[in-house]
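The structure appears below as structure tokens.
None of the figures in this text is laboratory data; all of them are computed from the coordinates on show. All figures in this text were calculated on a predicted structure; none of them were measured in a lab. In this analysis, Cβ positions are derived from the backbone assuming ideal geometry, glycine residues included, and neighbour counts consider all displayed protein chains.
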Amino acid sequence: MRYPRVIAHRGGGCLAPENTLAGLRVAARLGCQGVEFDVMLSGDGVPVLMHDETLERTTDGAGPVAAQRFAELRALDAGIRHGAAFQGETIPALEEALALCAELGLWTNIEVKPSAGRDEETGSVVGRLLAACWQGDGVVSSFSASALAAARRAAPQFAFAVLADAIPAAWRERLAAGACQAWHCRADADAATIAAVAAAGIPLACYTVNRRDDAARLFAAGAAAVFTDRPDLWAPGEM
Ligand code: G3P
Ligand code: MG
């Protein structure tokens with residue numbers, strides 16, 4: 001299973017508004033091979049790129065994402081909070097983001113990010129969409145085991161990663177229980193555990209790594225990849 005070494009976090013990291021098409025374009029322009037983004041459902045069940053359950057931090061809207069229909073979310077500005085240069089950037093539908101990743105040749109980590117109480121629904125909708133229009137160059141992950149299981153039921157042909165802050169002692173059992181092929185965890189995992197996971201042939205990717213020396217330490221321990229807000233710290237050939 002292919003993993004790029006450096007994965008742009010939330011689209012283009014901190015160099016563009018998070019979870020936007022502009023971010024994906026920035027990542028590609030910098031020479032990134034892979035991107036990660038978060039996917040949540042609109043009120044009417046359309047999967048969109050969004051991290052928070054509420055709109056205030058990243059858009060000019062207000063209130064819960066789940067309280068608005070896709071058409072309403074689409075009218076919001078998802079770029080202005082990052083800077084005037086990105087004014088007018090919209091909240092992308094997952095389908096558009098997948099199409100752009102394919103066009104740009106970007107490996108993609110689709111992180112299923114259900115809003116409260118919508119775990120299975122979100123996983124299932126995302127899985128069905130992936131089965132319909134994704135070529136599978138990448139991996140699907142989620143902090144929610146039930147969302148991930150629902151996505152896998154709808155699209156078992158793709159690769160799945162456990163996403164958890166830490167790596168528990170029973171990591172093998174957790175991978176087996178979720179039928180997952182990779183592990184994504186925080187960058188403060190200890191070197192011995194990273195080495196053990198890597199020795200078992202399981203790709204391990206750590207978030208969020210915004211310094212090259214931290215990345216070098218994780219790679220030396222056996223990590224396959226890092227998620228970063230600063231893809232500009234690496235040259236295209238290094239990623
Ligand atoms: O998927 C890795 C990372 O994105 C998880 O944290 O909160 O940035 O989605 P978060
Ligand atoms: Mg994420």
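Given the residues T108, T122, which is the only one that is under 16 Å from F37 (Cβ atoms), part of a strand (DSSP E or B) and hydroxyl-bearing (S, T, Y)? Reasoning before the result, please.
Numbers: T122 fails: part of a strand (DSSP E or B).
After ruling out the rest, the residue left standing is T108.
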**Message:** Of everything in segment 147-162, what is in contact with a helix residue (DSSP H, G or I) (Cβ under 8 Å, 6 or more places away or on another chain) and within 16 Å of ligand 2 (Cβ to nearest atom)? Give them in sequence order.
**Reply:** A147, L148, A151, F160, V162
**Message:** If a residue must be within 16 Å of V162 (Cα to Cα) and more than 16 Å from ligand 1 (Cβ to nearest atom), how many such residues does segment 96-119 contain?
**Reply:** 0
**Message:** Restricting to segment 82-99, give me the number of residues that are buried (at least 16 other Cβ atoms within 10 Å of the Cβ) and either in a loop (DSSP other than H, G, I, E, B) or more than 15 Å from the chain's Cα centre (by Cα) (or both).
**Reply:** 6
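Quickly run through segment 160-175 and pick out the residues that are touching a strand residue (DSSP E or B) at 6+ places or on another chain (Cβ under 7 Å) and surrounded by fewer than 19 Cβ atoms within 10 Å (Cβ to Cβ). I'd like the intermediate steps shown before the answer.
Filtering segment 160-175 for residues touching a strand residue (DSSP E or B) at 6+ places or on another chain (Cβ under 7 Å) gives 160-167, 171, 174-175.
If the condition is that a residue be touching a strand residue (DSSP E or B) at 6+ places or on another chain (Cβ under 7 Å) and surrounded by fewer than 19 Cβ atoms within 10 Å (Cβ to Cβ), then A164, D165, A166, R174 are the ones that fit.
Among A195, A187, which is touching a helix residue (DSSP H, G or I) at 6+ places or on another chain (Cβ under 7 Å) and within 19 Å of I7 (Cα to Cα)?
None of the others qualify; the one that does is A187.
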**Request:** Being closer than 16 Å to G12 by Cα, in contact with a helix residue (DSSP H, G or I) (Cβ under 7 Å, 6 or more places away or on another chain) and within 11 Å of ligand 1 (Cβ to nearest atom) is the filter here, so list the residues in segment 34-56 that pass it.
**Result:** V35, F37, V39, M50
